[in-house]
Amino acid sequence: MPDYAIEPARADDAAALLSLYRAVAAIEGGLARGVDEITPDYVGGFLSEALAHGYSLVARLADGSLAGEIHTYPMGPKKFAHVLGELTIAVHPAHQGAGVGRALFRRLMDIVEHERPDILRVELGAQESNARAIAFYESLGFVVEGRMTGRVASVGGGYEADIPMAWLRPAR
């Protein structure tokens with residue numbers, strides 16, 4: 001049995017999310033943003049948007065600290081109201097490989113599938129060099145929808161493709 005609970009994030013989780021995201025960004029390939037880009041404004045921005053219009057779920061440990069977080073929300077224009085995008089998941093390095101990310105995704109997708117029939121797509125992107133993440137997303141039902149050549153600046157220099165992926169609600 002996991003030592004964490006998957007639950008909705010709260011506005012007062014901002015400081016814990018800042019710490020979590022900085023820890024994950026410190027790992028090469030951990031997040032698209034570098035540690036210096038993980039600021040209180042960045043965290044406050046995605047948290048307020050997710051709480052107001054989308055979802056932010058956390059894996060909360062018994063001591064109240066966070067093992068992981070996932071968030072997503074609609075892009076804005078009404079014509080995209082059936083799409084959840086801007087999806088980001090962060091799992092603390094000490095808890096990676098223990099099923100936290102899968103548990104966060106499963107809860108999010110359970111909400112979408114059973115409580116949000118208006119959502120037809122959930123979108124995310126992965127760097128082409130992150131084959132592990134792409135395989136993980138595919139195992140959750142996401143499909144590769146293309147390849148955006150040269151979109152992402154690589155850590156070691158040069159550029160690589162961003163791989164757009166989506167989960168599509170099955171036709172009824």
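The values are calculated or read from the model by the stated rules, or taken from the named source; none is laboratory data. The shown structure was predicted, so the numbers you read here are calculated from the model rather than taken from an experiment. Cβ sites come from the backbone with ideal geometry, for glycine too, and all protein chains shown count toward neighbours.
Of the residues making up the range 6-18, just one is under 19 Å from Ala94 (Cβ atoms) and exposed (fewer than 12 other Cβ atoms within 10 Å of the Cβ), namely Ala15.
Among the residues of this structure, Leu61 counts as one that is farther than 30 Å from Pro170 by Cβ, touching a Phe, Trp or Tyr at 6+ places or on another chain (Cβ under 7 Å) and aliphatic (A, V, I, L, M).
Criterion applied to Leu66, Leu104, Leu31 was being in contact with a Lys or Arg (Cβ under 9 Å, 6 or more places away or on another chain) and either surrounded by 14 or more Cβ atoms within 10 Å (Cβ to Cβ) or touching a residue at least 12 places away in the same chain (Cβ under 8 Å) (or both), and the one residue passing it is Leu66. Going through the range 37-73 one residue at a time, which ones are of a type in the set (Asp, Glu) and not in a strand (DSSP E or B)? Within the range 37-73, Glu37, Asp41, Glu49, Asp63 meet the criteria.
Quick one: how many residues across the range 1-13 are among the small types (Gly, Ala, Ser) and within 16 Å of the chain's Cα centre (by Cα)? Quick ask: steps written out before the conclusion?
Taking the range 1-13 and keeping what is among the small types (Gly, Ala, Ser), we get 5, 9, 11.
Going one step further and asking which of them are within 16 Å of the chain's Cα centre (by Cα), we end up with 9.
Residues flagged as among the small types (Gly, Ala, Ser) and within 16 Å of the chain's Cα centre (by Cα) within the range 1-13 amount to 1.
Which one is nearest to Leu104 (Cα to Cα) among residues in the range 28-47 that are more than 15 Å from the chain's Cα centre (by Cα) and either modelled with pLDDT of 95 or more or among the basic types (Lys, Arg) (or both)? Per the stated criteria, the residue is Gly44. Evaluated against (1) touching a Ser or Thr at 6+ places or on another chain (Cβ under 7 Å); (2) assigned to a loop (DSSP other than H, G, I, E, B), Gly76 falls short on exactly one condition, (1).
Taking (1) in contact (Cβ under 8 Å) with a residue 60 or more places away in the chain; (2) hydrophobic (A, V, I, L, M, F, W, C); (3) closer than 17 Å to Met165 by Cα; (4) part of a strand (DSSP E or B) in turn, Ala126 satisfies each apart from (1). Please work out if Ala14 is farther than 22 Å from Tyr137 by Cα, in contact (Cβ under 8 Å) with a residue 24 or more places away in the chain and of a type in the set (Gly, Ala, Ser). Spelling it out, Ala14 is indeed farther than 22 Å from Tyr137 by Cα, in contact (Cβ under 8 Å) with a residue 24 or more places away in the chain and of a type in the set (Gly, Ala, Ser).
Here's the yes/no breakdown for (1) assigned to a strand (DSSP E or B); (2) in contact with a strand residue (DSSP E or B) (Cβ under 9 Å, 6 or more places away or on another chain); (3) under 22 Å from Pro170 (Cβ atoms); (4) not small (Gly, Ala, Ser):
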| site | (1), (2), (3), (4) |
| --- | --- |
| Ala94 | no, yes, no, no |
| Arg107 | no, yes, yes, yes |
| Val112 | no, yes, yes, yes |
| Ala135 | no, no, yes, no |
